[in-house]
1. Counting just the residues of segment 279-309 that are assigned to a loop (DSSP other than H, G, I, E, B) and within 22 Å of the chain's Cα centre (by Cα), which one comes out surrounded by the most Cβ atoms within 10 Å (Cβ to Cβ)?
2. Would you check if there is a residue in segment 118-125 being outside the structural domain of residue 201 (by TED's automatic domain parsing) and under 30 Å from residue 183 (Cβ atoms)?
3. With the structure loaded, tell me whether residue 100 is closer than 30 Å to residue 258 by Cβ, in the same structural domain as residue 55 (by TED's automatic domain parsing) and surrounded by 18 or more Cβ atoms within 10 Å (Cβ to Cβ) or whether it fails that test.
4. Do you know which residues across segment 150-178 are assigned to a loop (DSSP other than H, G, I, E, B) and in contact (Cβ under 8 Å) with a residue 60 or more places away in the chain?
5. Given the conditions (1) in contact (Cβ under 8 Å) with a residue 60 or more places away in the chain; (2) within 28 Å of residue 89 (Cα to Cα), which single one is not true for residue 205?
6. Determine whether residue 321 is out of contact with any Gly (no Cβ under 6 Å at 6 or more places or on another chain) and in contact (Cβ under 8 Å) with a residue 40 or more places away in the chain.
7. Quick check, is residue 324 outside any strand (DSSP E or B) and either surrounded by fewer than 16 Cβ atoms within 10 Å (Cβ to Cβ) or not assigned by TED's automatic domain parsing to the domain that holds residue 231 (or both)?
8. Scan segment 224-235 residue by residue and report those that are assigned to a helix (DSSP H, G or I) and surrounded by 15 or more Cβ atoms within 10 Å (Cβ to Cβ).
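The values are calculated or read from the model by the stated rules, or taken from the named source; none is laboratory data. Everything quoted here is computed from the prediction, not taken from an experiment. Note that we place each Cβ from the backbone using ideal geometry, even for glycine, and neighbour counts take in every protein chain shown.
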Amino acid sequence: MRRFTVAALTAATLGTVLSAAPAQAHQGRPALGLENCTATACHFDVAPGTYDVTVLLGGESAASTSVTGETRRSLLPETATAAGERVARGFTVNVRTPEGEPTGAEGTPGLDLVLGGSAPALADIRVTPAKHARQIFLVGDSTVCDQPGDPYSGWGQQLPQYLRKGVSVANYADSGESTVSYLASPQLWGTVQPLIRRGDLVLIQLAHNDKQTDEATYRANLETLVAGVREKGGKPVLVTPIVRRWFNADGTLNNNTALLVNGLGVDHPAVTRSVAADKGVPLIDLTAKTKALVESLGVEASKSVYLYNEKRDNTHTSVHGATVYAGLVREELIAQRLVPEGKVRVE
């Protein structure tokens, strides 16, 4: 059973003590410190927006703490602290309604954080409105989205843990969406595009559900998304889709099912690469990267990346798989200098 501890620090040190339940707003303003936390979670009564969170981890005993929030987003990777050690970490989080998938349930108002890890210890926490945060918007499908329940997880749900304070992920990926449905929905593109500000990144991965989309339409839809991002001063980044775990007898994934070639013969990754080249858009070739990784793992080991063991599902990823795939995205954010230096967590 997991052991949850919270460091007992004096009021003189922190100006606050841990209460048994989240504090309410004081005089119309939310309390943004440790008084909003229990031993396992924190709730902050804040309006939708973007917030910087600084945590002080550690306790009298050795500890190991991670932080998730909102709809199962991984916000801070597990961090070990020695007995008596205190370590400060920070991240920036997007708070919105609905808090997960844009067409899903509204969720809980405010900011909710959950302490995890093998032996969590939270000594202090501060939440403040982010003044200069840069957003990374995600436009995608179920392989990217904030999945509401175990054992599912999209890679976009795991990406925030790889970013430092000053960059947040606004994940507007939604299950079941194609380029056609995403552009047509007021809850999706109709909501995302007006939110884009100059300098924001918009990562676009749509293909899995374009099963009946012809090549001309698919290409035109990607071009529309690219133009719409640029119209707002944002920076579009095209992302080829993650592969399906569908092996040939020789242990390769060189088949239409694995490589997202639809029933009309449309090679989604190839079209995405072509649009990126034609429009001068950065490309994250996640198809190539995930293909190489899955083939290197082989038939058996790759089952844990997807939900084969749990659901016989070779399309959707487990938390482990989504974390690994988010790590591949992180590598490209660094390699292509898409995120300011020092804003990507590498430890």
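1. 305
2. Among the residues of segment 118-125, not one is outside the structural domain of residue 201 (by TED's automatic domain parsing) and under 30 Å from residue 183 (Cβ atoms), which makes the answer no.
3. yes
4. 150, 151, 152, 153, 154, 164, 165, 166, 172, 173, 174, 175 - these are the residues of segment 150-178 that are assigned to a loop (DSSP other than H, G, I, E, B) and in contact (Cβ under 8 Å) with a residue 60 or more places away in the chain.
5. (2)
6. For residue 321, the condition - out of contact with any Gly (no Cβ under 6 Å at 6 or more places or on another chain) and in contact (Cβ under 8 Å) with a residue 40 or more places away in the chain - is met.
7. It is false that residue 324 is outside any strand (DSSP E or B) and either surrounded by fewer than 16 Cβ atoms within 10 Å (Cβ to Cβ) or not assigned by TED's automatic domain parsing to the domain that holds residue 231 (or both).
8. 225, 226, 228, 229, 230 - these are the residues of segment 224-235 that are assigned to a helix (DSSP H, G or I) and surrounded by 15 or more Cβ atoms within 10 Å (Cβ to Cβ).
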